[in-house]
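*Asks:* Questions regarding the structure given below will be posed in turn.
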């Protein structure tokens, strides 16, 4: 918190609003987890490795690519991808090698097939069931309200209502 306050004070001293300072800082992208000793000498191979790494899930992290993860297993996978590329594998060949070894779970976008059907259908099924449950709940409430509105007042309720209305007139 103290750092944010200092940054705001500095930005005001420089004549910048905190919003202007934020807009200068936000374009800076995230720091990648790729270590300098992992980077390939060939820029084209490194670019291919980065593209492949963005599509592979870190097996110990929550929905994070191996390119973004600092986990030791993610590092091992990054090194494996680079080794396969240096060996002459195509991008598809590297992906096939990794999925054969670790399964479809390693892919951030798993393919649509029988074994991953639940991954693709479950969100829509849950949304549909939630909408159906909401519709049934609201329908039940509407029916209960309609019944309450149509029931005639008893003689006791009518007397109490007349008494309340007379009290308001005073």
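No value in this document is a laboratory result; all are computed from the given coordinates. These numbers were taken from a predicted model, which means no experiment stands behind them. Backbone-built Cβ (ideal geometry, glycine too); neighbour counts: all protein chains shown.
*Asks:* Please work out whether region 36-111 counts as rounded, prolate or oblate from its C-alpha gyration tensor, where a ≥ b ≥ c are the square roots of the eigenvalues and a/c under 1.5 means rounded, while otherwise a/b larger than b/c means prolate and anything else oblate?
*Replies:* Oblate shape, in that a/c is at least 1.5 and b/c is the bigger or equal ratio.
*Asks:* Okay, moving on. Testing the spin-label approximation: label points 7 Å from Cα along Cα→Cβ at residue 124 and residue 83. State their distance in nm.
*Replies:* Taking the two extended label points, one gets 4.0 nm.
*Asks:* How much length, in nm to one decimal, is gained on full extension between residue 99 and residue 165, taken as 0.36 nm per residue of separation minus their Cα-Cα distance?
*Replies:* Net length gain for the segment: 16.1 nm.
*Asks:* Related question: In what sequence do 53, 65, 90 fall when counting other Cβ within 10 Å, fewest first?
*Replies:* The fewest-first ordering by Cβ neighbours comes to 90, 65, 53.
*Asks:* If you find the alpha carbon centre of region 70-94 and of region 102-145, how far apart are they in angstrom?
*Replies:* 34
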